[in-house]
Amino acid sequence: MNRRITAAFAVLVAALIAAAFINLITGTVAVNAGDLFSILFGSNADEVASAVVFGIRIPRICAAVILGGALALSGYMLQTFFDNPIVGPFVLGISSGAKLTVALALIFYISKGGKPGSFFLVGAAFCGAMIAMGFVLLMSLRVKNTGILVVCGIMTGYICSAVTDLVVTFADDANIANLHNWSMGSFSGMNSADVLIMGVIVGICFVLAAFLVKPIGALRLGEDYARSSGVNITFLRVSLILISSLLAATVTAFAGPISFVGIAVPHLFKGMAKTSSPAVMIPGCFITGALVTLACDGMARTVFAPTEVSVSSVTAVFLVPVVIAVMIRRRRSSSKTL
């Protein structure tokens, strides 16, 4: 690992720790640094501040880190699958498909007086993600232009979002109506049980992605080269789809759809590290996604406090310019080739 890559990881980790610290001490209930250390180490801690830190802020920070990293990793794997730098779970409609099935599952259970478990919600989200991805893959058999394919994914996402919004808007039960905040993307209401479940699922997906480092590296050099190296292309592509869909589904099940993290973060880290090696990109995308999402969540809950805006609104503001820059650069590269 060269010095530039090592420096990039060092900066990201330091920034992530700083962002976590800022998120711990800022909010409606302010906690100064001295009190924070007393709370964390249990020495003469204020009970209210301690309850806020351990019951609300730490689970929320952990959720933002885990799910932000998952979303960025999902985007990187989808970009590898489609060999297109402007795709991601939000752009392709995967997040919106997962949002629709989770909303329907929640409405069904709440209307019956019950509450679905986390694994059920992840399963429902995964089914929705796979349905949306299945439609995109079906279109890819007939449409070879990746630009049109991306448009199909965006249209699929709009349809799923519209249906979800209609269902939530016309819900009679007050608890169902409160799903509106979730449908816009939010890390509020996280608890330690949620963090444990999402940590296990995302951790397994990360390990599985790590095992695909060499096949992904070979695929980047072309399918013919990958086949000559003994890579099972079909198995690799199915693995990329399943892992990326499960990651996006987990994010949507717990936090709702978070926009543009999956598409923009891989380019941000690649620009920092100046490498496209999968062995570096997989952990790098995860850490960068965690940092970006945590920072955006901190702004979402503090900038207009006590009003909290959706995380997706903040990520869109900061990450859309990155996506636009990538598209312009891609267009210029195509023009030079021609």
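Values in this text are rule-based calculations from the coordinates and carry no lab data. None of these values were measured; they are calculated from a predicted model. Here the Cβ is made from the backbone with ideal geometry for all residues, glycine too, and neighbour counts use every protein chain on show.
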Open item on the list: Taking the number of other C-beta atoms within 10 Å as the exposure measure, put THR250, THR234, THR101, THR80 in order starting with the fewest.
Closed with: THR234, THR80, THR101, THR250
Task: Values of log10 I(q)/I(0), in the order q = 0.14 Å⁻¹, for the chain under a Debye, Cα-only, solvent-free model - done: -1.14
TODO: Consider all pairwise Cα distances in the stretch 252-320 and report the whole-number % of them above 18 Å.
DONE: 41 percent
Open item on the list: Binning at 5 angstrom from zero up to the longest distance, how are the C-alpha pair distances of the stretch 1-70 distributed in percent?
Closed with: 3, 15, 23, 20, 15, 11, 7, 5, 2, 0
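Among the lysines in the chain, how many pairs, 8 or more places apart or on different chains, have alpha carbons under 25 Å apart? Present the calculation step by step, with values, prior to reporting the outcome.
Numbers: LYS99/LYS112; LYS99/LYS115; LYS144/LYS336; LYS214/LYS270; LYS214/LYS274; LYS270/LYS336; LYS274/LYS336.
Lysine pairs satisfying the spacing and distance rule in the chain number 7.
Could you compute the net charge surrounding ALA290? Neighbours are other residues with a C-beta less than 14 Å from the C-beta of ALA290; K and R count +1, D and E count -1.
On the way: positive: ARG60; negative: ASP297.
So the environment of ALA290 carries a net charge of 0.
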